[in-house]
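One structure below.
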Amino acid sequence: MTLQQLRYILELSRHNSISAAAHALNISQPSLSTAIKDLEKEFSLTLVERNRHGITFTPAGLEFLHYAGHILSHAEAMHDHFQAEKKQDLPQVLSISSQHYPFADEAFIHALQHVPPNAACTFTLREGRTSQVIHDVVTRESQLGILFLSHMNARFLKDLFHKNKLEFTPLCAFTPCLYVRSGHPLAEFSHVVPGQFSNYPCVRFEQGHDKSQFSEELLLPNRASRQCIYVTDRSTLFSIIRATDAYTIGTGHAAPSIIGRHLAVIPIENPLDTMTVGWIKMAGEPLPEEASHYITILTDLLRGRENKE
């Protein structure tokens with residue numbers, strides 16, 4: 001086993017395609033296939049299953065990715081420690097993966113504003129579907145991930161966290177809210193009940209073939225809208241809401257500077273569930289200083305806005 005082989009398999013996990021990963025690595029497809037087969041032979045494991053759509057990691061392969069990311073993370077840290085002439089010359093690094101939350105953006109912007117003008121830094125914020133947030137943290141693409149738990153998905157996600165050696169830390173529990181345009185027929189209500197909006201189109205973030213427990217919106221039982229619109233990015237979602245009578249469901253905690261001032265946010269009365277926003281990281285590993293600072297900013301933003309409301 002070599003560090004190069006581990007880098008190869010991590011790159012493969014980012015593309016789920018031999019050809020795409022080989023292109024990104026600037027090597028030939030046979031070279032990449034040979035490296036993966038050598039690892040499988042060495043460990044007597046089947047790491048990936050090949051099909052006409054590309055490749056899929058086996059359960060053993062996903063566990064192998066966890067260890068590969070751990071090894072590479074320590075190898076890179078050791079390299080940085082001994083190659084840098086001065087500790088203070090190392091760049092500040094922050095990498096976050098999040099469900100599509102405006103407050104995650106807002107905290108990220110605040111973190112950027114705290115970076116000294118002449119300091120070197122590499123900051124990354126990825127917004128993606130729930131499974132990608134988890135994948136990014138497991139493979140060390142991101143230092144932490146931001147997502148939510150509810151009564152409906154908590155058992156499924158906690159089992160997934162346990163299997164992948166992740167720990168979840170809650171930040172705030174929110175009553176779900178309806179997001180609609182300011183001219184929407186429901187916009188003047190101080191509260192709404194699920195039956196009031198079930199006949200309007202619902203906009204949701206597309207989760208691919210993932211299970212319903214990966215949904216980024218709170219799923220209200222027996223209140224499915226007859227029209228459902230799926231999107232992959234937050235800008236499109238808010239544009240649809242501003243232009244139609246469609247709605248989405250979220251925490252209700254969003255800065256006007258991020259989502260705009262043409263949306264109404266209405267608490268849902270008796271929703272039968274809550275949204276507990278929190279963050280995940282690899283269990284037993286300390287957070288880097290920049291990530292800890294980001295969590296402090298995010299916590300202050302959420303709790304400060306909660307107190308105002």
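The values are calculated or read from the model by the stated rules, or taken from the named source; none is laboratory data. Keep in mind it's a predicted model, so treat the numbers as computed, not measured. Because the Cβ atoms are built from the backbone with ideal geometry, glycine has one as well, and the counts that use them run over all protein chains shown. The area values use the complete protein model at the heavy-atom level, side chains included, leaving out ligands, DNA and RNA. Shrake-Rupley method; radii C 1.70, N 1.55, O 1.52, S 1.80 Å.
Please compute the modelled spin-label separation between ALA24 and PHE82, points set 7 Å along Cα→Cβ, answer in nm with one decimal.
In this crude spin-label approximation the distance works out to 2.8 nm.
Treating only the Cβ atoms of Lys and Arg (+1) and Asp and Glu (-1) as charged, compute the dipole magnitude of the chain about its Cα centre; round to the nearest 20 debye.
Details: 27 positive and 32 negative charges, 120 e Å.
So the dipole magnitude of the chain works out to roughly 580 debye.
Could you give the distance between the Cα centres of region 132-169 and region 258-287, to the whole Å?
That distance is 14 Å.
Looking at region 1-57, which trypsin sites (Lys or Arg not before Pro) are DSSP coil and have at most 14 other C-beta atoms within 10 Å of their C-beta? Don't skip to the end; give the middle numbers.
On the way: sites: ARG7, ARG14, LYS37, LYS41, ARG50, ARG52; in loops: ARG52.
Here the sparse-neighbourhood loop sites are ARG52.
Using alpha carbons only, how many degrees (0 to 90, rounded to 10) separate the axis of helix 102-113 from the longest principal axis of the chain?
60 degrees
Find which of LEU6, THR58, ALA20 sits farthest along the positive direction of the dipole of region 1-72, computed with +1 on the beta-carbon of Lys and Arg, -1 on that of Asp and Glu, about the Cα centre.
Result: ALA20.
Counting only the heavy atoms of the protein chains, how much of CYS121 is accessible to a 1.4 Å probe, in Å² to the nearest 10?
Rounded to the nearest 10, the figure is 60 Å².
Return the label of the correct value of Kirkwood radius over Cα pairs in Å, as calculated from the structure shown, out of (i) 19.2; (ii) 22.2; (iii) 21.3.
Entry (iii).
Calculate the radius of gyration of the Cα atoms of region 1-128 to one decimal place, then report Dmax, the largest Cα-Cα distance, as a whole number, both in Å.
18.0, 51
Give the total of Lys-Lys pairs in the chain with Cα-Cα distances below 15 Å; include a pair only if its members are 8 or more places apart or on different chains.
Within the chain, the lysine pair count is 4.
Using mean Cβ contacts within 10 Å as the protection proxy, how do 165-172, 245-252 order, highest first?
By packing density, highest mean first, the sequence is 245-252, 165-172.
With each run of n ≥ 4 DSSP H residues scored as -39500 (n - 2.57), what mean residue ellipticity at 222 nm is computed for the chain after dividing by its residue count and rounding to the nearest 500 deg cm²/dmol?
-13000 deg cm²/dmol
Given springs between every Cα pair under 10 Å in a Gaussian network model of the chain, which of PHE148, PHE189, PHE82 has the largest fluctuation?
Evaluated over the chain, the most mobile residue of the options is PHE82.
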